[in-house]
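Trainee: Attaching a single structure in structure tokens format; questions to follow.
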Amino acid sequence: MDLPQVFSVLSTHEVEVAETLIGVINFLLIFLAARTLAEILVRVNLPTIVGELLAGVLIGASGLHLLIPPSTGAQLNDGFVSVISSLASIPPAAVPDLYFETFPSLQAVATLGLYALLFLTGLESELEELVAVGVQAFTVAMAGVILPFAFGTFGLMFLFQVELIPAVFAGASMTATSIGITASVFGELGYLKTREGQIVIGAAVLDDILGIVILAVVVALATGGNLEIAPIVKLVLAAAVFVIAAIVLSRTAAPAFDWVLDRLKAPGAVVVASFVILVLSCFVATAIGLEAALGAFAAGLILSSSKNNHAIQQSVLPLVSLFATIFFVLVGAGMDLSVINPLDPSSRAALVVAGFMLLVAIVGKIAAGWCFVIDKPTDRLVVGLGMMPRGEVGLIFLGLGTSAGLLGPSLEAAVLLMVIGTTFLAPVLLRIVLKDKTPGGGNSIPDEVAANPVGLI
């Protein structure tokens, strides 16, 4: 039954009731599943975002079929269909059409969560973090981007015959470092203000910038269908100029923003004014041919030097907690993990690809810990392990790649396993390596120059 037929046999009231029920149940499923698994993982000192992702896998196309993105082509759970049919008093055959008709609204909310998360990431990227260990952080960041990107991209192309754009995108997904996960572990163990902690925090900031620039370029190229050198150079330059402009504006426009904000008295002024900057930045990025995601991140960079930074973060965090949860759950819900079933002989090739990506992702970041010169004792293994987790940034890559149709099912699953694997392993390995070590011995960075990411610890 197609949509015109649905509306022909149902009254407007019946359609509205059914769509409302579908929307309410979707939100209930998302938040109940996400919070349940997040609570379980946080009790074993693992990131909550992994719980949100696994919640999507559990209730999505690879699990119970309760939350099905239209792109998966999967069928809704029969029990879900029966519940909606009985509550809304409509034929069961009409439920799937109404369900998929309402799904774009849920995806729009998830997109808002993505942009809010990237905005928060930019806010937390305090550029002063790089001052104490700037050279070392820059070197580690460059190595942490180049090594996994190069080996991942060329390995997928030449070893597994993956096409150029999907291979480049999968390689790009391995460049990011989750500052939140590493900062949380370092903070818990008292290592945040050590030399190793500061190098990792600074490098993670740069990795986010470089990774999101690469992401914007790859998505723009893929959607434009043009692989000529001139457009590539143009996009890279546009992305670089855009980010540099955001950094400059963080010194010049942030005071003007503060001046305006000081004169606003109505409740909610902080979050509304901040989201105006977010929307404008996304608009400019899109207007010059870049991804709106880069604009969201740049908006955070612009306001990172605001004296109201902490207040902005505190106002944005609840929105991220709500809407980014939906984004991560939808990413998991759209994954078809059957393509990497080790018991299925036809799936073993995809599983090998996933193993290769996980290996490159781990080795590439650990190797970056040895790619800097310093005249003071520094635990390079700690630096490398601190760069390992992809976390929410890796999932952002995956979500955008999926929505843009750049990744096939097997490569989607491989990227997902890479993100989950590095996110799980990094906190565990860091705790093992740092278990019997005490920060000190001239290894600490002075408080006045040390990074302390707001909202992460």
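Trainee: Among Ile25, Ile49, Ile84, which is the only one that is in a helix (DSSP H, G or I), surrounded by 14 or more Cβ atoms within 10 Å (Cβ to Cβ) and either modelled with pLDDT of 90 or more or in contact with a strand residue (DSSP E or B) (Cβ under 6 Å, 6 or more places away or on another chain) (or both)?
Mentor: That would be Ile25, the only listed residue that is in a helix (DSSP H, G or I), surrounded by 14 or more Cβ atoms within 10 Å (Cβ to Cβ) and either modelled with pLDDT of 90 or more or in contact with a strand residue (DSSP E or B) (Cβ under 6 Å, 6 or more places away or on another chain) (or both).
Trainee: While we're looking at this one, here's another question. Taking Ala349 as the residue in question, decide whether it is touching a residue at least 12 places away in the same chain (Cβ under 8 Å) and touching a Cys at 6+ places or on another chain (Cβ under 8 Å).
Mentor: Here the answer is no, as Ala349 does not meet what is asked.
Trainee: Let me ask something else about it. Restricting to the range 186-204, and then to whatever is modelled with pLDDT under 70 and either buried (at least 24 other Cβ atoms within 10 Å of the Cβ) or more than 14 Å from Arg431 (Cβ to Cβ) (or both), can you tell me which residue is nearest to the chain's Cα centre (by Cα)?
Mentor: Leu192
Trainee: Right, next: Would you point out which residue out of Phe297, Phe283 is at pLDDT below 85, in the same structural domain as Ala414 (by TED's automatic domain parsing) and at negative phi?
Mentor: From the options Phe297, Phe283, the qualifying one is Phe297.
Trainee: Still on this structure, I have one more. Please indicate, with yes or no, whether at least one residue in the range 372-392 is at pLDDT 80 or above and surrounded by fewer than 18 Cβ atoms within 10 Å (Cβ to Cβ).
Mentor: Within the range 372-392, one or more residues are at pLDDT 80 or above and surrounded by fewer than 18 Cβ atoms within 10 Å (Cβ to Cβ).
Trainee: Can you pull out the residues in the range 114-128 that are crowded, with 19+ Cβ neighbours inside 10 Å and modelled with pLDDT under 85?
Mentor: Leu114, Leu117, Leu118, Leu120, Thr121, Gly122, Leu123, Glu124, Ser125, Glu126
Trainee: If Ser338 meets every condition in (1) within 30 Å of Leu417 (Cα to Cα); (2) without any contact (Cβ under 8 Å) to a residue 60 or more places away in the chain; (3) touching a Pro at 6+ places or on another chain (Cβ under 9 Å); (4) among the polar types (S, T, N, Q) apart from one, which number is that one?
Mentor: Exception for Ser338: condition (2).
Trainee: Additional query: When both residues are 6+ apart or on different chains and their Cβ atoms are under 9 Å apart, which pairs have a first residue that lies in the range 285-297 and is without any contact (Cβ under 8 Å) to a residue 12 or more places away in the chain and of a type outside the set (Asp, Glu), and a second that is surrounded by fewer than 24 Cβ atoms within 10 Å (Cβ to Cβ) and part of a helix (DSSP H, G or I)?
Mentor: Pairs found: Thr286/Ala292.
Trainee: Going residue by residue through the range 290-304, is there one that turns out to be farther than 30 Å from Arg380 by Cβ and loosely packed, with under 15 Cβ neighbours inside 10 Å?
Mentor: No, the conditions are met nowhere in the range 290-304.
Trainee: While we're looking at this one, here's another question. Going by the conditions given, is Val331 crowded, with 23+ Cβ neighbours inside 10 Å and either over 19 Å from the mean Cα position of the chain (by Cα) or within 23 Å of Arg390 (Cβ to Cβ) (or both)?
Mentor: yes
Trainee: Could you tell me which of the residues Ala245, Ala293 is farther than 23 Å from Ala110 by Cβ and either assigned to a helix (DSSP H, G or I) or not hydroxyl-bearing (Ser, Thr, Tyr) (or both)?
Mentor: Answer to the selection: Ala245.
Trainee: Can I ask one more? What are the residues in the range 401-417 that are surrounded by fewer than 24 Cβ atoms within 10 Å (Cβ to Cβ), assigned to a helix (DSSP H, G or I) and of a type in the set (A, V, I, L, M, F, W, C), if any?
Mentor: Leu417
Trainee: Now a separate question. Among the residues of the range 311-319, are any under 30 Å from Arg251 (Cβ atoms), of a type in the set (Ser, Thr, Tyr) and at pLDDT 85 or above?
Mentor: Yes; the residues of the range 311-319 include at least one that is under 30 Å from Arg251 (Cβ atoms), of a type in the set (Ser, Thr, Tyr) and at pLDDT 85 or above.
Trainee: Then there's this: Hey, could you check the range 399-427 for residues that are touching a Phe, Trp or Tyr at 6+ places or on another chain (Cβ under 7 Å) and of a type in the set (Gly, Ala, Ser) and say which is nearest to Phe186 (Cα to Cα)?
Mentor: Ranking the qualifying residues of the range 399-427, first place goes to Gly399.
Trainee: Could you list, in sequence order, all residues of the range 87-105 that are surrounded by 19 or more Cβ atoms within 10 Å (Cβ to Cβ), under 29 Å from Val320 (Cα atoms) and of a type outside the set (Phe, Trp, Tyr)?
Mentor: Leu98
Trainee: Also, quick follow-up: In the range 56-73, which residue that is among the small types (Gly, Ala, Ser) and without any contact (Cβ under 8 Å) to a residue 24 or more places away in the chain is surrounded by the most Cβ atoms within 10 Å (Cβ to Cβ)?
Mentor: Only one residue fits best here, namely Gly63.
Trainee: Same structure again: Out of all the residues in the range 250-259, is one or more surrounded by 13 or more Cβ atoms within 10 Å (Cβ to Cβ), under 18 Å from Gly401 (Cα atoms) and under 24 Å from the mean Cα position of the chain (by Cα)?
Mentor: no
The values are calculated or read from the model by the stated rules, or taken from the named source; none is laboratory data. Fair warning: this is a prediction, and the values are worked out from it, not measured in the lab. Because the Cβ atoms are built from the backbone with ideal geometry, glycine has one as well, and the counts that use them run over all protein chains shown.
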